[in-house]
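After the structure tokens below, expect a handful of questions from me.
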Amino acid sequence: MLKTLFYDIINNKRNRLAWIDYARGIAIVLVLYRHVFEGIKQSGIDIQHFLGLEHANIIFFSFRMPLFFIVSGVFMGGSLLKRGLNEFILNKWRIILYPYALWATIQVSLQLIFSQYVNGGREWTDYLYILYSPREIEQFWYLYALFNVTVLYAIVKVKLKLAPIQQLGLGLLTFYLSSWLVQHKISVYFLYDVLHFYIFFALGDLLSGIMKNPSNARYFGSWKTFFLLIPVFAATQYYFLVTNIRHASATYSYVEDYQPFAYAFIALAGCAFMINISNILQRYNTAKWLRVLGYHSIYIYVMHVIIIASTRVFITHVFGITYIPLLLAIGITVGLTVSVLVYQVAMKLGFWWLFSLERPKPKQTVDPSLIKTAASV
């Protein structure tokens, strides 16, 4: 199965950068870690004997979403140049906004139907959150934010003709504004995420030429870089963890909300380390399963909460299992694998419209030499 999926990736995306898929794979695993663990907490299971898992949850929170926005920004310039502004926006509507609206509706509907089993109470009016407050419907805020950031960035780039470095400066201002709004308890709903993550998307676009240049892979994927980044990563994550615990809140977001520039540095240190690890994996052509997950990351993203919630309810109510490490491992594994399988089955059955309004292109024959290295998967 894994070999077939890996072949499909190469067949459909010959110019696909492996490290991008690895980075997305790492990020989506960390997303599931948080959502599985938070689901366990909200179900009422005591986590006091597993605070190390909670600390990991806090640390992963510092960089995983900025990483998604950075790698998305890497491809922004090339895609805009290829399609033009109008087609670019239409494309993002088809592949990001459409699955967001569809799967958010599906998830809210299922939560209403099975309200007696799920953690969060739902009301019929919650469908309105899809339009203006996606953070109220779990993970879906990211897709709405990604669409809005991408489209706004493209419009500013084309209409105002701002260079990437100027866009980064604009992102710095909006990033600070997002924290100021939180500190003063001013809600701007979905606009907060646009303001907050614009800077990371802009950084991806600014560095895209460097990061997409194959000749630079030896620097990004070197062990020297790895050992240089380790102490920076460890120190920044320790500060993020300790400071957030000291100012405990339900979300552990004190640093992000009240120390925005410290958070930006911490997030970028984490992203740099993950990009380095992703390039090392590309260099050694190993852990291809992680690349497969990265290729399917958006499909995993829209489905995983439904799957992990169903899995947790089943194994806790039917088997009475409440051992947190086991629940966490099962939830992450099932959430990842079932999401990929559902997507693959849907595509084979012609249900591509569940994930995009763009009909998939027919598969092309690939030169066997291009997939030779995948034979050992």
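Only the coordinates and a few stated rules stand behind these numbers; no lab work does. Note that this is a predicted model, so its numbers are computed, not measured. Here Cβ is always computed from backbone atoms with ideal geometry, including for glycine, and neighbour counts include all displayed protein chains.
Could you order the peptides 37-47, 53-63, 289-299 from most to least packed, using the average number of other C-beta atoms within 10 Å per residue?
289-299, 53-63, 37-47
Tell me whether region 258-315 comes out rounded, prolate or oblate; compute the Cα gyration tensor, take square roots of the eigenvalues as a ≥ b ≥ c, and use a/c under 1.5 as the rounded threshold.
It is oblate, given that a/c is not under 1.5 and a/b is not larger than b/c.
Still on this structure, I have one more. Highest first, please rank the peptides 94-100, 273-279 by the mean number of other Cβ atoms sitting within 10 Å of their residues.
Peptide ranking by packing, descending: 273-279, 94-100.
Next up: Dipole of the chain (Lys/Arg Cβ +1, Asp/Glu Cβ -1, origin at the Cα centre): which of Ile186, Ser109, Ile280 lies farthest to the positive side?
Among Ile186, Ser109, Ile280, the one farthest towards the positive end of the dipole of the chain is Ile280.
Give the shape of region 75-206 as rounded, prolate or oblate, defined through the alpha-carbon gyration tensor: a ≥ b ≥ c are the square roots of its eigenvalues, a/c under 1.5 means rounded, and otherwise the shape is prolate if a/b is larger than b/c and oblate if not.
oblate
Can you tell me the dipole magnitude for the chain around its Cα centre, using point charges on the Cβ only (Lys, Arg +1; Asp, Glu -1), in Debye to the nearest 20?
That gives a dipole near 1400 debye.
Compute the distribution of all C-alpha to C-alpha distances in region 2-376, in bins of 20 Å from 0, and list the percent of pairs in each, rounded to whole numbers.
Bin by bin from 0 Å, the calculated values are 26, 63, 11.
Shape of region 148-270 from its Cα gyration tensor (a ≥ b ≥ c, root eigenvalues): rounded if a/c is under 1.5, otherwise prolate when a/b > b/c, or oblate?
Oblate.
May I pose another question? Using each residue's phi in region 131-139, evaluate 6.51 cos²θ - 1.76 cosθ + 1.60 at θ = phi - 60° and report the 3J(HN,Hα) Karplus result to the nearest Hz, with x for Gly and Pro.
Values, residue by residue: 7, 10, 9, x, 5, 7, 10, 6, 6 Hz.
Mind checking which helices in the chain clear 18 Å along their axis (Cα) and have mean Kyte-Doolittle hydropathy of -1.0 or more, DSSP H runs only?
Long hydrophobic helices here: 18-42, 98-113, 141-159, 164-183, 191-206, 223-246, 260-284, 297-317, 324-348.
So, one more: Specify which residue in the list Ser79, Phe265, Phe175 is farthest towards the positive end of the charge dipole of the chain, using unit charges on the beta carbon of Lys, Arg (+1) and Asp, Glu (-1), about the Cα centre.
Selected residue: Ser79.
State to the nearest 20 debye the size of the charge dipole of region 120-262 about its Cα centre, where the only charges are +1 on K and R beta carbons and -1 on D and E beta carbons.
600 debye
Can you tell me the order of 147-156, 302-311 when each peptide is scored by its average per-residue count of other Cβ atoms within 10 angstrom, highest first?
The peptides rank, most packed first, as 302-311, 147-156.
For region 63-157, with only Lys/Arg (+1) and Asp/Glu (-1) charged at the beta-carbon, what is the dipole magnitude about the Cα centre, in debye rounded to 20? Let's see the in-between values first.
Details: 8 positive and 5 negative charges, 92 e Å.
With only Lys, Arg, Asp and Glu charged at Cβ, the dipole is about 440 debye.
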